[in-house]
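The values are calculated or read from the model by the stated rules, or taken from the named source; none is laboratory data. Since the model is a prediction, treat every value here as computed from it, not as a measurement. Neighbour counts run over all protein chains shown; Cβ positions are idealised from the backbone, glycine included. Quick note on the areas: whole protein, heavy atoms, side chains included, nothing else; ligands and nucleic acids left out. Shrake-Rupley method; radii C 1.70, N 1.55, O 1.52, S 1.80 Å.
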Amino acid sequence: MTDTAHPAHAPELADAEEWLLAFLRMTARDRDGWAYGTLASLLLDCGRLFTPAPWPLAEEPPGEPGKCFIESVSWAWAAGGALAYVEGWAWDSWMQQEPHAWCAGTDGTALDLTWRTPGRAYVGLPVEAEAAARIMGEMGGPLLHGRGGLISPTAERWMRDGIPDGLLVDIGRPIPRT
């Protein structure tokens, strides 16, 4: 049987992707009785890589800087199934890792609504847009990232119990195993 999720000849990663994955791997830990010990562990196992690209239209991205979570879930939901909401970490143009959200279509390109200059690397969970909007509405905030650098209650539940079936969309590139 061929492992299509982890092909033998996976494309090479960009340097920024390597650095972002190294940051996640440094903080990944196991925890007894939990599906994932840390948010990094969850992202490394279930997340995907997304290709950075400039905003596809002539004007600047339409989202308000600093509002990536609400802007991205709103845009994905309004796209009627054409886009997924993606939440995770991005390596910005200044080479800093940031909790971030963006949209992505079937080609796996990061559609970053709030950064005028696209990030250099994106790793996140591609979530079906209607489900993301519903959960974020119920919880009053992002799926993974809470206030003050903490994880959200949703992320804690997913770390403990695993991500519910049918929530993730099969887009983006698989994260290579080390």
Condition check for ILE171: in a loop (DSSP other than H, G, I, E, B), β-branched (Val, Ile, Thr) and either in contact with an Asp or Glu (Cβ under 6 Å, 6 or more places away or on another chain) or at pLDDT 95 or above (or both): yes
Cross-chain or 6+ apart pairs with Cβ under 6 Å, the stretch 81-108 first and in contact (Cβ under 8 Å) with a residue 40 or more places away in the chain and within 21 Å of PRO62 (Cβ to Cβ), then open to solvent by less than 50 Å² (accessible area, probe 1.4 Å) and acidic (Asp, Glu): ALA101/GLU87; TRP102/ASP112
Any strands (runs of 3 or more DSSP E) falling wholly within the stretch 24-133 and containing at least 3 residues that are over 18 Å from PRO176 (Cβ atoms) and over 11 Å from the mean Cα position of the chain (by Cα): none
Matching residues, the stretch 65-82, being over 19 Å from GLY140 (Cα atoms) and touching a Ser or Thr at 6+ places or on another chain (Cβ under 9 Å): PRO65, ALA82
Count of the stretch 134-161 residues which are small (Gly, Ala, Ser) and either under 14 Å from the mean Cα position of the chain (by Cα) or within 17 Å of ARG48 (Cβ to Cβ) (or both): 1
Residue within the stretch 110-129 that is more than 24 Å from ALA35 (Cβ to Cβ), touching a strand residue (DSSP E or B) at 6+ places or on another chain (Cβ under 6 Å), without any contact (Cβ under 8 Å) to a residue 60 or more places away in the chain and open to solvent by 30 Å² or more (accessible area, probe 1.4 Å) present: yes
Hits in the stretch 132-158 (condition: among the aliphatic types (A, V, I, L, M) and open to solvent by 10 Å² or more (accessible area, probe 1.4 Å)): ALA133, ILE135, MET136, MET139, LEU150, ILE151
